[in-house]
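Step one of this worksheet: look at the structure below.
The values are calculated or read from the model by the stated rules, or taken from the named source; none is laboratory data. Values in this document were obtained by computation on a predicted structure and should not be read as measured data. A quick note on method: Cβ atoms are made from the backbone with ideal geometry, for glycine too, and the neighbour counts reach across all protein chains shown.
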Amino acid sequence: MKIPPLMAAAALSLTLTACMVPTGPVEVTRFNRLADGYVYGNGSYIATPAKASDALSLSPYLAAVAREMQRVGYTERLDNSDVIAEVTVAARKVEALQRSPVSVGVGGSTGSYGSGVGVGLGVDLGALGNKDRVETTLSVRLLRRADNVVIWEGRAVQSAGASSPAAQPGIAASKLAAALFSDFPGKSGETVTMP
């Protein structure tokens, strides 16, 4: 079956739009051992959940961390790796404040030229968009397998509308991991906000 060019262009446009889901900023905090002379970005790694029972639910996050580990210079090795990347994810629903978007005010004045009464009606447009949100936290610890010492750890936190695509694990995983490993290993102890 031959697809008309206009239809193919429309399908491509929809596909690209789905890939460009707007996501909010990510707050990132990292700690490293650069001061101890540790060199990052070489050797082999394995990405695992901190709790074995979380393996299935964390699969998008494990894949995203694996991509970032390879991007910064590590090579994946499933057995006898130099570094173990322990991955933990926590998500919590943050309920929106319930307040009325409409307020009414009454005022009056008297003076030498007469008196008057006024009624004002205000609409808070910010309250109309007050929706529940999901706050997702991705935490990664890199442990040196030889002595089980934590050589790097980081945490990335993002808040997104509960019903938005940005709250979905696949999209959140990629955004959080990319922010966490941006400028790897990062400045130790510093918290930064990534767009």
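Among the candidates THR88, THR29, THR75, THR17, which residue alone is more than 25 Å from ASN148 (Cα to Cα) and either modelled with pLDDT under 90 or touching a strand residue (DSSP E or B) at 6+ places or on another chain (Cβ under 6 Å) (or both)?
Testing whether each residue is more than 25 Å from ASN148 (Cα to Cα) and either modelled with pLDDT under 90 or touching a strand residue (DSSP E or B) at 6+ places or on another chain (Cβ under 6 Å) (or both) leaves just THR17.
Can you pull out every residue in the range 42-63 that is in contact (Cβ under 8 Å) with a residue 60 or more places away in the chain and in a helix (DSSP H, G or I)?
Passing the criteria: PRO60, TYR61, ALA63.
Scan the range 143-191 for residues that are outside any loop (DSSP other than H, G, I, E, B) and surrounded by 15 or more Cβ atoms within 10 Å (Cβ to Cβ) and report the count.
Residues in the range 143-191 being outside any loop (DSSP other than H, G, I, E, B) and surrounded by 15 or more Cβ atoms within 10 Å (Cβ to Cβ): 26 in total.
List pairs: first in the range 26-41 and part of a loop (DSSP other than H, G, I, E, B), second at pLDDT 95 or above and among the aliphatic types (A, V, I, L, M), Cβ under 6 Å, 6+ apart or cross-chain?
ARG33/ILE151; TYR38/ILE151; GLY41/VAL72
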